[in-house]
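Accompanying notes for the structure given below.
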Amino acid sequence: MGDILSKYDILGAFGLTVYLAVFSAIGSLVLGTLVAVMRVSPVSVLRLLGTWYVNIFRNTPLTLLMVFSVLGMTYILGLNLDPSDIKGNATRWAIVMLSIYHAAFVCEALRSGVNTVPAGQAEAARAMGLTFGQSMRHVLLPQAFRGAIAPLGSTLIALVKNTTVAAVIGVAEAANLMAVIIENETGALAVFVIFAVGFVILTLPLGLLFTSMSRRLAVKR
Amino acid sequence: MSTSVLFDAPGPRARRRHAILSALGVLLVVALAFVAVRKMQDAGQLKAEMWKPFVTDRAVWRDYLVPGLWGTFKAALVSIVLAGAFGLVFGIGRLSHVTAVRWFCGIVVEFFRSVPVLLMMIFAYFGIYSRSDIFSSETAPLAAVVTGLTLYNGSVVAELVRSGVFSLPKGQAEAGLSIGLTPAQTLRSIQLPQALTAMLPALIGQFVVVLKDSALGYQITYLELLNWSKTLGSAFANTVPAYIVAALLFILVNYSLTVVASRVERRLSRRGRPTVHEATAVHAPVEPATAT
């Protein structure tokens, strides 16, 4: 057992998992917010584009996006994100694909936050004579963000778990290393438990944090 | 919240602004499409002979795509049935009056919900099935895919069962107990039937998740749609078109299922029945009933 721990860099692999998760979380938050703004905007063309984005990427397997990014985008179409290093290219594509895929879910999380605000709030704001911008800034968005905390939290947890899909394009993160260790060593169950507990350690605090935050910040109605 | 309350009917200036934003949006899409077409043309992926086989050559469908779809559906169907059984057992276990049973089921469910599906598949395949002779070497990948999908989605279904029972009015259980049913009888004949109806839309939504996640079988050599399209891509030398067609097939199937789920949900809410949503947003493709 100690043999496996000293022979393989398990912490390093989890480090790469965290690296993927952090950068894709930032990417998907930015992209997802943009799509969410499009989906609630008064411009019908933008609303339609946002809906398409969500329907396309929510219904495509992440595995397919990953495989396509390397076998299609890099090898055939020549879009190499890191020409000097084949591993670096795969890692960057993994971040891009994780961001694109989860942006659809971030958008839906934000939209469901908007949906928790009762129509009466918007009506009251408008009745007071606030403009669209003012009612958004002072009345609706503060409530919407609080309502979106819980779904955003579960999106983030799913993102951490989905970084394992990057293993299919050879990114040396946790799932990839586990496959290597299981193939070379005996005691598969112990290896699986180590990695599984690793993911529990990564996701459990996130879950607790977001649950307590969404409770503490919940709008009393 | 309805958007119509939020803004006035647009005046001339707002209309101009909307037109500019629309044009920008269209421009963005056209630019992206232009870049994509340009790249594909440079790589020779738009040549007619790369796309023609999908229409003219029956072998493309007969030997590659249909077996691929069948592989995907087979894994997904078996998994959703087993996940339903797993979820029912552990969901009821979490409602048990025996503290030990409740705790055991809670720990199992929470564990499998927080471990990535791919990790379970890799362990099941490389760690167990390919080393022992429980399954023949042909069925071992399928068994591993089904194991991973069942454990994860079964845990999600268990949570659905629990929240379904909790979402019922308290009077239902009280009425059952007061007419002399035991707690187990109340659960079985009064609470569960209503909870199962309420979770139907979420269950169909979960099937979309299972279908998508079955593509993870690619990593453990299970022959599903993604794997077959890779083979197709090398056989006909049309890698990019093959992946695009596979993606379209996935989107078509999953989008139709999502539509079915929201229809069922609307139907239930018309009948005044509540519906439950799963806690994890990423795995709940069904739109909230109050969507704008």
Segment B:83-129, residues that are among the β-branched types (V, I, T) and touching a Gly at 6+ places or on another chain (Cβ under 6 Å)
B:V101, B:V117
All but one of (1) more than 30 Å from B:W51 (Cα to Cα); (2) crowded, with 20+ Cβ neighbours inside 10 Å hold for B:S189; state the number of the condition that does not hold.
(2)
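Out of A:V180, A:V139, A:V96, report the one residue that is at pLDDT 95 or above, more than 8 Å from every other protein chain (Cβ to nearest Cβ) and surrounded by fewer than 23 Cβ atoms within 10 Å (Cβ to Cβ). Walk me through how you get there before you give the answer.
Numbers: A:V180 fails: at pLDDT 95 or above; A:V139 fails: at pLDDT 95 or above.
The unique qualifying residue is A:V96.
From the list B:G25, B:G84, which one is out of contact with any Asp or Glu (no Cβ under 6 Å at 6 or more places or on another chain) and under 29 Å from A:R137 (Cβ atoms)? Give the derivation first.
On the way: B:G84 fails: under 29 Å from A:R137 (Cβ atoms).
The match here is B:G25.
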Please give the number of the condition A:A196 fails out of (1) farther than 27 Å from B:V156 by Cα; (2) surrounded by 14 or more Cβ atoms within 10 Å (Cβ to Cβ); (3) free of Cβ contacts under 8 Å to residues at least 12 places away in the same chain.
(1)
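Just checking, does segment B:38-47 include any residue being within 26 Å of A:T51 (Cα to Cα) and either out of contact with any Leu (no Cβ under 9 Å at 6 or more places or on another chain) or at pLDDT below 85 (or both)? Break it down stepwise before answering.
Of segment B:38-47, the ones within 26 Å of A:T51 (Cα to Cα) are B:38-40.
Those still in the list that are either out of contact with any Leu (no Cβ under 9 Å at 6 or more places or on another chain) or at pLDDT below 85 (or both) too: B:38.
Within segment B:38-47 (the criterion being within 26 Å of A:T51 (Cα to Cα) and either out of contact with any Leu (no Cβ under 9 Å at 6 or more places or on another chain) or at pLDDT below 85 (or both)), the answer is yes, since at least one residue qualifies.
Could you please let me know if B:K74 is under 32 Å from the mean Cα position of the chain (by Cα) and farther than 23 Å from A:F192 by Cβ?
Values: under 32 Å from the mean Cα position of the chain (by Cα): yes; farther than 23 Å from A:F192 by Cβ: yes.
Criteria met by B:K74.
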Tally the residues that are surrounded by fewer than 24 Cβ atoms within 10 Å (Cβ to Cβ) and either of a type in the set (D, E, K, R) or modelled with pLDDT of 95 or more (or both), restricting the search to segment B:211-233.
2
Can you find a residue in segment A:146-162 that is farther than 30 Å from A:T63 by Cα and in contact with a Ser or Thr (Cβ under 9 Å, 6 or more places away or on another chain)?
yes
Can you tell me which residue is nearest to A:V180 (Cα to Cα) among those in segment A:3-43 that are touching a Gly at 6+ places or on another chain (Cβ under 7 Å) and of a type outside the set (V, I, T)?
A:F14
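Picking from A:V45, A:V18, which residue would you name as being assigned to a helix (DSSP H, G or I) and more than 22 Å from the chain's Cα centre (by Cα)?
On the way: A:V18 fails: more than 22 Å from the chain's Cα centre (by Cα).
Step by step, each of A:V45, A:V18 is checked, and only A:V45 is assigned to a helix (DSSP H, G or I) and more than 22 Å from the chain's Cα centre (by Cα).
Could you please find all residues in segment B:36-94 being outside any helix (DSSP H, G or I) and surrounded by fewer than 19 Cβ atoms within 10 Å (Cβ to Cβ)? Explain how you work it out, then say what you get.
Going through segment B:36-94, the residues outside any helix (DSSP H, G or I) turn out to be B:43-47, B:52, B:57.
Across segment B:36-94, the qualifying residues are B:A43, B:G44, B:L46, B:K47, B:K52, B:D57.
Tell me the residue from A:A144, A:A150, A:A190 that is under 27 Å from A:G2 (Cα atoms), within 11 Å of chain B (Cβ to nearest Cβ) and either in a helix (DSSP H, G or I) or among the hydroxyl-bearing types (S, T, Y) (or both), please. Reasoning before the result, please.
Working: A:A144 fails: under 27 Å from A:G2 (Cα atoms); A:A150 fails: under 27 Å from A:G2 (Cα atoms).
The match here is A:A190.
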Answer from B:A247, B:A242, B:A237 - the residue that is touching a residue at least 12 places away in the same chain (Cβ under 8 Å) and crowded, with 20+ Cβ neighbours inside 10 Å:
B:A242
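Being over 24 Å from B:V146 (Cα atoms), within 14 Å of another protein chain (Cβ to nearest Cβ) and in contact with a Phe, Trp or Tyr (Cβ under 7 Å, 6 or more places away or on another chain): is that true of B:V259 here?
Details: over 24 Å from B:V146 (Cα atoms): yes; within 14 Å of another protein chain (Cβ to nearest Cβ): yes; in contact with a Phe, Trp or Tyr (Cβ under 7 Å, 6 or more places away or on another chain): no.
Spelling it out, it is not the case that B:V259 is over 24 Å from B:V146 (Cα atoms), within 14 Å of another protein chain (Cβ to nearest Cβ) and in contact with a Phe, Trp or Tyr (Cβ under 7 Å, 6 or more places away or on another chain).
For residues that are of a type in the set (G, A, S) and not in a helix (DSSP H, G or I), scanning just segment A:153-177, find the one that is surrounded by the most Cβ atoms within 10 Å (Cβ to Cβ).
Step one: filter segment A:153-177 for residues of a type in the set (G, A, S), giving A:153-154, A:158, A:166-167, A:170, A:172, A:174-175.
If we keep only those that are not in a helix (DSSP H, G or I) too, we end up with A:170, A:172.
On the way: A:G170: 14, A:A172: 18.
Ranking the candidates gives A:A172 first.
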A:S69 vs. criteria small (G, A, S) and touching a Gly at 6+ places or on another chain (Cβ under 6 Å):
no
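Have a look at B:P274, B:P193, B:P183, B:P201 and point out the one that is under 15 Å from the mean Cα position of the chain (by Cα) and away from every other protein chain (no Cβ under 14 Å). Spell out how you get there, then give the answer.
Details: B:P274 fails: under 15 Å from the mean Cα position of the chain (by Cα); B:P193 fails: under 15 Å from the mean Cα position of the chain (by Cα); B:P183 fails: under 15 Å from the mean Cα position of the chain (by Cα).
So the residue among B:P274, B:P193, B:P183, B:P201 that is under 15 Å from the mean Cα position of the chain (by Cα) and away from every other protein chain (no Cβ under 14 Å) is B:P201.
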A:Y101 out of contact with any His (no Cβ under 9 Å at 6 or more places or on another chain), more than 9 Å from every other protein chain (Cβ to nearest Cβ) and of a type in the set (F, W, Y):
yes
Hits in segment B:115-143 (condition: surrounded by 13 or more Cβ atoms within 10 Å (Cβ to Cβ), part of a loop (DSSP other than H, G, I, E, B) and not β-branched (V, I, T)):
B:P116, B:S130, B:R131, B:F135
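The values are calculated or read from the model by the stated rules, or taken from the named source; none is laboratory data. Values in this document were obtained by computation on a predicted structure and should not be read as measured data. All Cβ positions, even for glycine, are placed from backbone atoms using ideal geometry, and neighbour counts span all protein chains on display.
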